[in-house]
């Protein structure tokens with residue numbers, strides 16, 4: 001469990017760095033384009049196109065960390081669910097099965113919320129299971145951490161923005177380059193999306209780390225009792 005989270009943390013950090021790079025290249029692209037409009041020099045335009053090309057490269061590279069995040073979260077959720085089954089709580093109150101801990105990620109539309117509901121259930125159970133003073137309490141009464149809710153909401157928001165809203169700002173001229181208004185709009189929207197993504201990734205590291213620590217605690221307690 002700890003090893004999976006370590007990988008998630010590394011990929012989250014890598015994704016945040018790439019998002020930061022996209023924000024920087026976006027700003028530099030706009031600045032260099034404005035300089036070109038002011039002085040009309042070919043060198044300024046070449047600088048703009050070079051920075052824009054670098055931004056496109058970073059955008060393509062960022063796809064791989066986010067695919068890795070998706071896969072790692074599925075593996076992490078399944079392992080966390082399996083460990084939560086050993087927690088000393090009423091397991092019959094659960095709404096989701098172990099199979100759903102994986103399947104929820106692949107159900108269209110439902111995968112916008114159901115995976116988080118599964119994780120929230122695991123969170124509540126492990127919170128009680130890892131707290132010796134909470135023994136015998138109903139896990140359903142355990143509050144869900146707000147950081148986890150914000151992590152998920154921001155993650156879904158940026159995903160939908162990048163998939164549906166950002167393409168609407170792409171309007172090209174006769175030569176296939178973004179128009180001036182389109183460049184400003186896409187850069188602004190992309191920048192906001194990347195800032196939100198970074199915030200989401202930071203919240204995700206803290207939230208998933210909390211659940212992982214509780215899972216490790218429950219796992220150690222189970223191993224001790226078996227001995």
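Miscellaneous remarks
- On Cα atoms only, tilt of 2-39 relative to the major axis of the chain in degrees: 20 degrees
- For the stretch 55-101, the mean projected area of the C-alpha convex hull, equal to one quarter of the hull surface, is 4.2 nm².
- Spatial separation of Cα centroids for the stretch 177-200 and the stretch 125-157, in angstrom: 34 Å
- Longest to shortest principal axis, alpha-carbon extents of the stretch 1-89, angstrom: 71, 18, 15
- Selected from 71, 128, 195 as most flexible by GNM, with the chain as the system and alpha-carbon contacts under 10 Å: 71
- On Cα atoms only, tilt of 146-160 relative to the major axis of the chain in degrees: 40 degrees
- Highest mean packing first, where packing is the average number of other Cβ atoms within 10 Å per residue, the peptides 14-20, 83-89 line up as 83-89, 14-20.
- Computed [θ] at 222 nm, deg cm²/dmol, the chain (DSSP H ≥ 4; -39,500 (n - 2.57); rounded to nearest 500): -26000 deg cm²/dmol
- Degrees, to the nearest 10: 114-129 long Cα axis against longest axis of the chain: 40 degrees
- This ranking places 33, 170 by how few other beta-carbon atoms lie within 10 Å of each, fewest first, which gives 170, 33.
- Point-to-point label distance, residue 50-residue 181, nm (Cα→Cβ direction, 7 Å offset): 3.1 nm
- Alpha carbon convex hull of the chain, projected area averaged over orientations, nm²: 14.0 nm²
- As a proxy for reagent exposure, 92, 64, 106, 5 were ordered by neighbouring Cβ count within 10 angstrom, fewest first; the result is 92, 106, 64, 5.
- Sorting 57, 201 by the number of Cβ atoms found within 10 Å of their own Cβ, with the fewest placed first, yields 57, 201.
No value in this document is a laboratory result; all are computed from the given coordinates. From a predicted model like this one, the values you see are computed outputs, not experimental measurements. Here the Cβ is made from the backbone with ideal geometry for all residues, glycine too, and neighbour counts use every protein chain on show.
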